[in-house]
Amino acid sequence: MSDHARIELDDQAYEGRMIEGSEGERAVDISSLRNETGAVTYDPGYANTGSVQSSITYIDGDNGILRHRGYAIEDLAKHSDFVETSYLLIYGELPTQAQVTNFRESITKHTLLREDMRPFFDAFPPEAHPMAILSAGTLALSTFYQNHYDPSNPDDVEISTYRLMAKLPTVAAFAYKRSIGQPYIYPRNDLKFAANFLHMMFAVPSEPYEIDPDLARALTELLILHADHEQNCSTSAVRLIGSSQVNLFAAVSGGINALWGPLHGGANQQVVEMLAGIQEAEGDTKEFIRRAKDKDDPFRLMGFGHRVYKNYDPRARIIKDTADRVISKLAGNDPLFEIAQELEETVLSDDYFIERKLYPNVDFYSGLIYRAMNLPLNMYPVLFALGRLPGWIAQWREMSQDPDRRIGRPRQIYTGPTARNYVPIENR
Ligand code: ACO
């Protein structure tokens, strides 16, 4: 195979070096194209642009493969926990017992928020969206640690990593408590990551709260399954913001905003809204499927299909069993789950969806689990953000160590008016 690609522009030839990834992915290095030819490339949505060389996550969408640092997501979901998977993403190797104990303790030590941050939550209106509070809270955290967040200082990067991993769940749970008017519940450092989060979310000071181990395991699995997904919208945002050498808190805060959008972290909410719509239509799944297939109707079945996976989303396969378990334990006879089951069965045996390789994606099941946990819809993307945090941190750290790093600054193809004379206001 050739190690160069040739682009012909007018009579000029440009030779781009070929880069090959460890799984055989090929890319044309066009980094000197503009200098040499004056032309740039045009790639809306960056769908054909490799913006980085990364050793963190590998996805093969055609074959339904997702691996972190070479380890299959199926193995991590089955054998690992969220803190260990986070270590793997951030440091590149599975930790030894001593390493994971040290990492766990370093995170645990930082779970409390500074007490002067409490009034921050009271300042939001009760109906404030928890994603807005999470993003603002992440940025607000930076103001307490201004002497220790220098992105070029390895010790600062390390302590910022612990602080974010430790405090984001506390910020998220406080945001939730604010929205339902309950007292904030402080973290418990004797609990593991997911169990502590459940405690801060669902305990109240007036009575004991027992953590359901099945729920804690389900949440752990969900967090692991969301931990990284290479250069998606929010991760690319974290890298782009971070490329200006701003601190990690500010970059992660930006990532949370990117995740908030309905096309990214909001899809699981839309799944539940769609199921509620089917319920309102007296459970008529057939009508919704008919509409999804109708070329003249923009409606799509939420929770089905994926831009990258043209096969079963490997995360969906894993979470389906968990969803079945959690739902049968917690959800009683919620009609939405019956509708979801019927929809899934019908779609999986329908030629339209089979031919187009449209399978249930991770959002289809995660939305159902969050509903069974009795979480309000606006907390769904918050859970996604907590899961994605180690991925953002790992990608930011890789970016800041990358010898090829430059400030992110795409070009454009200008299509506005050409030069014209300023017209005084009385003449317009
Ligand atoms: N319902 C009905 N038809 C669909 C659906 C769907 N959910 N998804 C795709 N199709 C059809 C398209 O109409 C198209 O049909 P055609 O070839 O006859 O024109 C074909 O399948 C291919 O669709 P594309 O839009 O080209 O697929 P793309 O990869 O661009 O879209 C996407 C992927 C956006 C996820 C799409 O499947 C979709 O809108 N799904 C519903 C929303 C959703 O669940 N999003 C969550 C994604 S997972 C995540 O973000 C973590």
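With charges only on Cβ, +1 for K and R and -1 for D and E, what is the dipole size of the range 189-295 about its Cα centre, in debye, rounded to 20?
600 debye
Using a Gaussian network model on the chain with a 10 Å cutoff between Cα atoms, which of ALA47, ALA175, ALA77 fluctuates the most?
In the Gaussian network model the winner is ALA47.
Given GLY261, LEU330, LEU248, which one lies farthest toward the positive end of the charge dipole of the chain, if we put +1 on the Cβ of every Lys and Arg and -1 on the Cβ of every Asp and Glu?
The residue sitting farthest along the positive end of the dipole is LEU248.
Considering the chain as a Gaussian network with a 10 Å cut-off on Cα pairs, which listed residue, VAL83, VAL382, VAL28, attains the greatest mean-square fluctuation?
VAL28
Suppose we keep just the alpha-carbon trace of the range 107-208; what are its Rg and Dmax in angstrom?
13.9, 46
Do the sum for the chain: with -39,500 (n - 2.57) for every DSSP H run of n ≥ 4, divided by all residues, what is the mean residue ellipticity at 222 nm, to the nearest 500 deg cm²/dmol?
About -16000 deg cm²/dmol.
Can you give the alpha-carbon Rg of the range 297-367 over 2.2 N^0.38 Å, where N counts its residues?
Values: Rg = 12.5 Å, N = 71, 2.2 N^0.38 = 11.1 Å.
Ratio of Rg to 2.2 N^0.38 Å for the range 297-367: 1.12.
For the range 54-63, just list the computed ³J(HN,Hα) in residue order, Karplus coefficients 6.51, -1.76 and 1.60, θ = phi - 60°, integers in Hz, with x standing in for Gly and Pro.
10, 10, 8, 10, 10, 10, 10, x, 5, 9
In vacuo Debye scattering of the range 189-250, one point per C-alpha: log10 I(q)/I(0) at q = 0.22, 0.26 Å⁻¹?
Each listed q corresponds, in turn, to -0.87, -1.01.
When the expected Rg is taken as 2.2 N^0.38 Å, what fraction or multiple of it is the alpha-carbon Rg of the range 170-314?
1.33
Rounded to a whole number of µm²/s, how large is the Stokes-Einstein D of the range 231-287 at 20 °C and 1.002 mPa s, given Rh as the Kirkwood radius over C-alpha pairs? Don't jump to the answer; show the numbers that get you there.
On the way: Rh = 13.2 Å.
So the translational diffusion coefficient is about 163 µm²/s.
Please name which of LEU386, VAL362, ILE319 has its Cα lying farthest along the dipole of the range 318-390 towards the positive end, using unit charges on Cβ (Lys, Arg +1; Asp, Glu -1) and the Cα centre as origin.
Toward the positive end, the furthest listed residue is LEU386.
Would you mind computing, in nm to one decimal, how far apart the modelled labels at SER106 and ASP29 are, each placed 7 Å from Cα along Cα→Cβ?
Here the modelled spin labels are 3.3 nm apart.
Suppose all protein chains stay in the model; what accessible area per residue would a 1.4 Å probe give for the range 256-386, in Å²? Walk me through the numbers before you get to the answer.
Values: 6240 Å² over 131 residues.
With the other protein chains kept in place, the range 256-386 gives 48 Å² per residue.
For the range 289-428, with only Lys/Arg (+1) and Asp/Glu (-1) charged at the beta-carbon, what is the dipole magnitude about the Cα centre, in debye rounded to 20?
820 debye
Which residue, chosen from LEU301, GLN12, HIS110, occupies the Cα position most advanced towards the positive end of the dipole of the chain, where the dipole is computed from +1 (Lys, Arg) and -1 (Asp, Glu) charges on Cβ about the Cα centre?
HIS110
Dividing the Cα convex hull volume of the range 14-163 by residue count, how many Å³ per residue is that? Could the numbers behind the result be given before it?
Numbers: hull volume 33.2 nm³, N = 150.
Convex hull volume per residue, Cα atoms: 221 Å³.
Just the number: Rg to Rh for the range 154-222, Cα atoms, Kirkwood Rh, two decimals.
1.02
Can you bin every Cα-Cα distance in the chain into 10 Å intervals starting at zero and give me the percent of pairs per bin, rounded to whole numbers?
Percent of Cα pairs in each bin: 4, 19, 28, 24, 15, 7, 2, 0.
If you take the Cα atoms of the range 270-428, find Rg, then find the Kirkwood Rh from the mean of 1/r over all pairs, what is Rg/Rh?
Ratio of gyration radius to Kirkwood radius: 1.17.
What are the lysines whose alpha-carbon lies under 18 Å from the alpha-carbon of LYS286, with same-chain residues fewer than 8 places away excluded?
LYS295
For the chain, with only Lys/Arg (+1) and Asp/Glu (-1) charged at the beta-carbon, what is the dipole magnitude about the Cα centre, in debye rounded to 20?
So the magnitude is around 960 debye.
I want the local charge near ARG356. Using Cβ-Cβ distances under 15 Å, sum +1 for each Lys or Arg and -1 for each Asp or Glu among the other residues. Walk me through the numbers on the way to the answer.
Working: positive: LYS293, LYS295, ARG300, ARG307, LYS310, LYS357; negative: ASP62, ASP294, ASP313, ASP350, ASP351, GLU355.
Residues near ARG356 contribute 0 overall.
Sorting LYS310, LYS109, LYS329 by accessible area (1.4 Å probe), largest first, what list results?
LYS109, LYS329, LYS310
Using a 1.4 Å probe over the heavy atoms of the protein chains, calculate the carbon and sulfur portion of the accessible area of the chain as a whole percent.
Working: 10760 of 22190 Å².
Ligands and nucleic acids excluded, carbon and sulfur give 49 percent.
The values are calculated or read from the model by the stated rules, or taken from the named source; none is laboratory data. Quick caveat, the model's predicted, so the values are computed rather than measured. Glycine gets a Cβ as well: all are built from the backbone with ideal geometry, and neighbour counts include every protein chain shown. Just the protein is used for accessible areas: all its heavy atoms, side chains included, with ligands, DNA and RNA removed. Shrake-Rupley method; radii C 1.70, N 1.55, O 1.52, S 1.80 Å.
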